[in-house]
1. Identify, from the list 75, 68, the residue that is in contact with an Asp or Glu (Cβ under 6 Å, 6 or more places away or on another chain), touching a residue at least 40 places away in the same chain (Cβ under 8 Å) and not assigned by TED's automatic domain parsing to the domain that holds residue 247.
2. Being surrounded by 19 or more Cβ atoms within 10 Å (Cβ to Cβ) and touching a helix residue (DSSP H, G or I) at 6+ places or on another chain (Cβ under 8 Å) is true for just one of 269, 254, 245. Which residue is that?
3. Which of the numbered conditions does residue 387 fail, given that it passes all the others? Conditions: (1) at negative phi; (2) modelled with pLDDT under 95; (3) out of contact with any Asp or Glu (no Cβ under 6 Å at 6 or more places or on another chain).
4. Going through 57, 50, 32, 43 one at a time, which residue ends up being surrounded by fewer than 23 Cβ atoms within 10 Å (Cβ to Cβ), at pLDDT below 95 and within 16 Å of the chain's Cα centre (by Cα)?
5. Determine, yes or no, whether residue 356 is in contact with a helix residue (DSSP H, G or I) (Cβ under 7 Å, 6 or more places away or on another chain), closer than 29 Å to residue 53 by Cα and touching a residue at least 12 places away in the same chain (Cβ under 8 Å).
6. For the stretch 366-395, which residues satisfy the criterion of being hydroxyl-bearing (Ser, Thr, Tyr) and surrounded by fewer than 14 Cβ atoms within 10 Å (Cβ to Cβ)?
7. Hey, among 44, 30, which residue is of a type outside the set (Asp, Glu) and either assigned to a helix (DSSP H, G or I) or in contact with a strand residue (DSSP E or B) (Cβ under 8 Å, 6 or more places away or on another chain) (or both)?
Amino acid sequence: MTITLAKSIHPTERALAFGAATSSLAKGLLFGVSALFFTRVVGLSAATVGFGLTVAGGVGLATAFGSGYLSDRLGARRVLLATTVLQGAAVGAYTIVRNVIAFVLIASVAVGAEAAQRTARTTLLARQFTGADRVEVRARLRVVTNVFIGAGSVAAAGTLTLNSRAAYTITMVVAAVLVLSAAIPLRGLPEPRTLKNEQKQKTPLRDWRYLGIAALNGLLTIQFGLLTVGMPLWVTGHTRAPAATVALLLVLNTAFVALFQVRAARLATDIRTAGRVVFGAATALALACALYAFAGHGPAVFATALLVVGVLAHSTGEILAEAGGWELAFELADPRNAGAYQGVSQTGFAVGTMLAPAAVTTTAIDHGGPGWVVLAVTFLVAGAGTAVLARTAVPLFSPPPR
C-alpha cells in the first residue's frame, strides 16, 4: 500500500518535497543559531549583521526577478539546481568569514540564491502541472516546509544549550550540507516542456493587472513579519501574557498550516474565487489585528485567550492568502513566458518580506492601537483590491480538462 502511494506521486513533486524538507530543516537551524554565530563566533556587531542582511535582501529582490527570465531561457530545473548548489556553498562559506566585506558578499550570494530558487521552483510547478494540480502541489510543499522549519528550530535548541564556538560552527556546516542535499533529486529530473507559439509572448512588465496583484500580494505578505517579529514583541512588551506564550502561538500556527493548507488550496478553484479567497484572508488578518490589540488590555488569562484566538484568525488568513495568491499567480500568467511572470510574483513577495519588520514595528509596536488599525486597514485594502482586479480578469491560457 505504501509503495503504491509513493509511486503515485509525480517525480517532480517528490523531488521538490525532498528539497523542501532538507532546505527547510536547514532554515530552521539557521533561524535559531545564525545571529549568534555571526556575533559570537565571527565577531560582527548586531548592527553590521543587520546591515549585511539588508543589502542581501536587496540582492534577493533582483535575483527573484531575474531568475524568472533565466528559467524561461535556460530551463527552470537547471536554474533551481544551480541556485540550490550556490546557496549551499554560500551557507558553508559563512564558516570562513573573517571580516565585514566577506560577510556582506557571502550573505548576498546566499540570500540571492534562495530568492532565485523560489522563482525557479514556482516556474517549474507552472510548467509541469496544470489547473488545480499545481496549486494543490504547492500547498503540500508548503506544509512540508513549515513542518521541517519547525523541526529545525527545535533541533537548534541543542546548539543553543551547548552555546560553544564548535557547536555553532558544526550547525552551520550541517545546514550547508542539508541545503546541498536538496539538489540531489533535481539532477535526474527532465526539463519540463515549454509551450511554443507563433504569437508574441506577453510580458508581465506591461500586464498592469498582474503587476497590481503582485504589489497587493506584497502588502499581504507583511503578515509573515507580523507573526515572526510583531507578535513576539507585542506579547512580551505590551501584554500581561507569559513570555512562553510566544512559543505556544508559533507552534499553533505551524500545526494549523500543516493541517489546513491543502484544504484551503481547494477553495480557490478559478480566478474569481481566488480573488474572493484573498479578500476572506484579508478580513481574517484584520480580525487578528483587532484581537492582538485588545490583548494588550486586561489580565494574563484574558490576554492569553485573545492571543490564541488571534493567532487562529491570523493562521486562517495566512493559508487563504497563500491559496488565492497561488491561483492568481499561476492562472493569470502567460504560460509561454511563465518564468518572467513568476519572477514578478516572487518579487512582490520579496518586497513585502523585506519591508515587513519595519512596517510592523513602526505601526503596531510603536503606536499600539492606532498602529494595529493601520495594519488592519492595509490588509483590507490589499484584499479588496485583489478581489476587484480578479473579478474582471480572464486567464491567458485554459488548461485541458483533467
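1. It is 75.
2. None of the others qualify; the one that does is 245.
3. (2)
4. Of 57, 50, 32, 43, the one residue that is surrounded by fewer than 23 Cβ atoms within 10 Å (Cβ to Cβ), at pLDDT below 95 and within 16 Å of the chain's Cα centre (by Cα) is 57.
5. When the stated conditions are applied, residue 356 passes them.
6. 392
7. Exactly one of 44, 30 is of a type outside the set (Asp, Glu) and either assigned to a helix (DSSP H, G or I) or in contact with a strand residue (DSSP E or B) (Cβ under 8 Å, 6 or more places away or on another chain) (or both), namely 30.
Okay, residues lined up against (1) crowded, with 24+ Cβ neighbours inside 10 Å; (2) in a loop (DSSP other than H, G, I, E, B); (3) charged (D, E, K, R):
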residue: 276; (1), (2), (3): no, no, yes
residue: 289; (1), (2), (3): yes, no, no
residue: 307; (1), (2), (3): yes, no, no
residue: 313; (1), (2), (3): no, no, no
residue: 316; (1), (2), (3): no, no, no
residue: 321; (1), (2), (3): yes, no, no
residue: 328; (1), (2), (3): yes, no, no
residue: 343; (1), (2), (3): yes, no, no
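The values are calculated or read from the model by the stated rules, or taken from the named source; none is laboratory data. The structure displayed is predicted, hence computed values, not measured ones. As a convention, Cβ positions derive from the backbone with ideal geometry for all residues, glycine included, and neighbour counts pool all protein chains shown.
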